[in-house]
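A.B. asks: What follows is a single structure, and I will ask about it in a moment.
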Amino acid sequence: MTPHRDLRTGEPVWLAYPRPRLPTRALTRDRTCDIAIIGAGVTGAMAAEALSAEGFRVLLLDRRRPLMGSTAASTALLQSEIDQPLGRLSQQIGADKAIRAWRRSKLALDSLSARMALLGIKCGQSPRPTLYLSGNVLDAGGLKQEGERRRTAGLPADYLTRGELRDRYGIDREAALLSVGNLTANPLRMAGGFLRAAMARDAEILSQVDVADIETHRDGVEILTAQGPTVRARHAIYATGYETPAAIRGRKHSLHSTWALATKPQPDKLWPDRAMIWEAADPYLYVRATPDGRIICGGEDEEFSDEDSRDALLPQKTRRLEEKLKKLFPHVDPRADRAWCGSFGASVTGLPTIGAVPGKANLYAILAYGGNGITFSRLAAELLAAELTGRRDPDADLFEF
């Protein structure tokens with residue numbers, strides 16, 4: 001049912017730090033539960049925590065050990081800004097819906113921060129401003145208009161001229177938008193924190209489980225596994241990221257390859273506020289810092305062809321990222337201490353798709369694709385918690401299939 005992909009290769013920087021240790025079990029017999037979540041990465045972790053908090057008995061199924069898929073490759077720039085600028089999204093889906101989507105993304109990020117605080121999750125999270133640099137998607141004039149649209153929608157963003165950008169951050173670009181209230185974090189420790197919270201409410205992680213088929217019925221689902229046993233549940237949720245079946249993903253979402261590097265720690269060379277940086281460009285560059293002073297730089301996205309082709313480009317793409325980082329900040333050491341690549345998903349609108357799978361009773365899916373997929377994962381947890389407890393989230397229509 002789910003494609004088998006080598007989701008990443010190389011040395012993600014998060015594997016250089018202590019990793020969460022999570023107890024798992026093997027699937028040796030038939031099991032029953034209220035909700036079965038397929039995928040034990042950051043998306044499944046947030047869904048499991050939210051749904052277990054509502055009193056559901058949750059099982060997470062993963063063909064790997066937890067957190068060893070795409071979550072380890074994330075650069076974890078946790079932003080409310082959607083990949084598609086507000087002006088362009090307004091042209092695609094209408095101004096009212098675009099504003100609602102941008103506002104809800106902001107609320108989801110605020111909710112994520114608050115939830116981590118309530119649960120006591122420690123994942124190196126830190127509030128950071130974000131710089132959105134002019135590029136081939138929005139030039140200086142386009143950025144200025146984008147800032148005005150955001151402010152009209154109640155989403156503050158300051159427009160910086162070339163001189164202001166250079167004086168405040170040492171960056172030589174035509175213009176930028178400066179926003180505040182975003183976060184950086186360690187995605188493995190974040191996801192591990194949410195999984196531990198769910199497991200404290202008796203959720204279980206079943207690892208090395210490969211889903212062979214799902215049969216949906218009016219009163220529940222049956223998940224048939226390659227290992228033999230069956231999992232029966234009232235509801236099932238696909239949280240499989242870039243291994244979501246193409247029949248569910250549809251033409252609205254596409255797969256890409258992305259590359260990233262992390263330098264050695266150099267805290268004395270970092271820019272003011274350690275602001276997160278990304279570009280109004282296609283493909284865009286993104287930059288952040290870690291608490292110990294490493295610089296993470298990523299981008300160079302291309303349409304996905306196959307894992308071997310993606311992996312073969314790692315040395316070339318790493319050199320290109322080093323060159324771009326050096327151009328952006330001439331005073332830093334851009335050399336990669338670690339470099340990796342992985343699969344990445346995008347949508348036509350930059351929005352996720354979350355909700356019931358059409359024609360499949362009791363089956364749901366989370367397609368938290370895009371540059372702020374972790375923010376969308378929190379949004380998905382909220383939407384599905386409402387849906388499965390009989391409430392209707394007022395923004396669900398923006399993201400449903």
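The values are calculated or read from the model by the stated rules, or taken from the named source; none is laboratory data. Given the structure is predicted, the values throughout are model-derived calculations rather than measurements. Note that we place each Cβ from the backbone using ideal geometry, even for glycine, and neighbour counts take in every protein chain shown. Areas reflect the complete protein model, heavy atoms only, side chains present, ligands, DNA and RNA absent. Shrake-Rupley method; radii C 1.70, N 1.55, O 1.52, S 1.80 Å.
A.B. asks: Taking a 1.4 Å probe, which of Glu174, Glu279, Glu49 shows the most accessible area, and what order do the others take after it?
C.D. replies: Ranked from most to least accessible, the order is Glu174, Glu279, Glu49.
A.B. asks: Is the shape of the range 224-315 best called rounded, prolate or oblate, per the rule: a/c under 1.5 gives rounded, else a/b larger than b/c gives prolate, else oblate, with a ≥ b ≥ c the square roots of the Cα gyration tensor eigenvalues?
C.D. replies: Since a/c reaches 1.5 and a/b is larger than b/c, the shape of the range 224-315 is classed as prolate.
A.B. asks: Moving on to the next point. Which whole-angstrom value gives the distance between the alpha carbon centres of the range 75-97 and the range 167-193?
C.D. replies: Cα centroid to Cα centroid, the span is 17 Å.
A.B. asks: Work out from phi, with θ = phi - 60° and the Karplus expression 6.51 cos²θ - 1.76 cosθ + 1.60, the ³J(HN,Hα) of each residue of the range 153-159, listed in order in whole Hz, and give x for Gly and Pro.
C.D. replies: 7, x, 10, x, 7, 8, 8
A.B. asks: For the range 84-90, in order, what is each residue's ³J(HN,Hα) by Karplus, 6.51 cos²θ - 1.76 cosθ + 1.60 with θ = phi - 60°, in whole Hz (x at glycine and Pro)?
C.D. replies: Ordered by residue, 3J(HN,Hα) equals 7, x, 4, x, 6, 5, 4 Hz.
A.B. asks: Can you tell me, using C-alpha contacts under 8 Å and at least 6 residues apart, the relative contact order of the range 303-384 as a whole percent?
C.D. replies: Reported as a whole number, the value is 20 percent.
A.B. asks: Something else about it: For the range 77-143, with all protein chains present and a 1.4 Å probe, just round the carbon and sulfur fraction of the accessible area to a whole percent.
C.D. replies: That fraction is 51 percent.
A.B. asks: Here's something else I'd like to know. What fraction of the DSSP beta bridges in the chain is antiparallel, stated in percent and rounded to the nearest 5?
C.D. replies: 70
A.B. asks: Calculate, for Asp167 and His331, the FRET efficiency according to 1/(1 + (r/R0)^6) with r their C-beta to C-beta distance and R0 22 Å; round to the nearest 0.05.
C.D. replies: For R0 = 22 Å, the calculated efficiency reads 0.90.
A.B. asks: Using a Cα-Cα cut-off of under 12 Å, which aspartates and glutamates could be cross-linked to Lys317, ignoring same-chain neighbours fewer than 8 residues away?
C.D. replies: Lys317 reaches Glu300, Asp301, Glu302.
A.B. asks: How big is the charge dipole of the chain about its Cα centre, in debye rounded to the nearest 20, if each Lys and Arg gets +1 on its Cβ and each Asp and Glu gets -1 on its Cβ?
C.D. replies: Roughly 760 debye, rounded to the nearest 20.
A.B. asks: How far is the Cα center of the range 240-301 from the Cα center of the range 322-401, in Å?
C.D. replies: That distance is 13 Å.
A.B. asks: Which lysines, on any chain, are close to Lys106 with Cα under 27 Å apart, when same-chain ones fewer than 8 places away are left out?
C.D. replies: Within the straight-line limit of under 27 Å, Lys106 reaches these lysines: Lys97, Lys122, Lys144, Lys252.
A.B. asks: Just tell me which lysines come within less than 21 Å, Cα to Cα, of Lys324; anything on the same chain fewer than 8 places away is out.
C.D. replies: Result set, ordered by chain and number: Lys264, Lys269.
A.B. asks: Using a probe radius of 1.4 Å on heavy atoms only, what accessible surface per residue do you get for the range 209-294? Whole Å² is fine.
C.D. replies: 40
A.B. asks: Relative to the longest principal axis of the C-alpha atoms of the chain, give the angle of the C-alpha long axis of helix 42-53, reported between 0 and 90° and rounded to the nearest 10°.
C.D. replies: Roughly 50 degrees, rounded to the nearest 10.
A.B. asks: Describe numerically, in nm with one decimal, the distance between label points set 7 Å from Cα along Cα→Cβ at Ser254 and at Lys269.
C.D. replies: So the two model labels end up 3.6 nm from each other.
A.B. asks: Separate question: Using only the alpha-carbon atoms, how far is helix 95-119 inclined from the longest principal axis of the chain? Give it as 0 to 90 degrees, nearest 10.
C.D. replies: That helix lies at roughly 70 degrees to the long axis.
A.B. asks: Need one word for the range 145-288: rounded, prolate or oblate. Basis is the Cα gyration tensor (sqrt eigenvalues a ≥ b ≥ c); a/c below 1.5 gives rounded, then a/b vs b/c decides.
C.D. replies: prolate
A.B. asks: Something else now. For the range 1-146, just say rounded, prolate or oblate: build the C-alpha gyration tensor, square-root its eigenvalues into a ≥ b ≥ c, call rounded for a/c under 1.5, and beyond that prolate if a/b exceeds b/c, oblate if not.
C.D. replies: It comes out prolate by the Cα gyration axes.
A.B. asks: Want the number for Arg234 to Thr152: 0.36 nm per residue separation, take away the alpha-carbon distance, what's left?
C.D. replies: 25.2 nm is the gain from fully extending Arg234 to Thr152.
A.B. asks: For the range 277-357, with only Lys/Arg (+1) and Asp/Glu (-1) charged at the beta-carbon, what is the dipole magnitude about the Cα centre, in debye rounded to 20?
C.D. replies: Around 420 debye, computed over the range 277-357.
A.B. asks: Between Ser111 and Asp308, what's the calculated FRET efficiency when r is the beta-carbon distance and R0 is 41 Å? Round to 0.05.
C.D. replies: Efficiency, from the Cβ-Cβ distance: 0.55.
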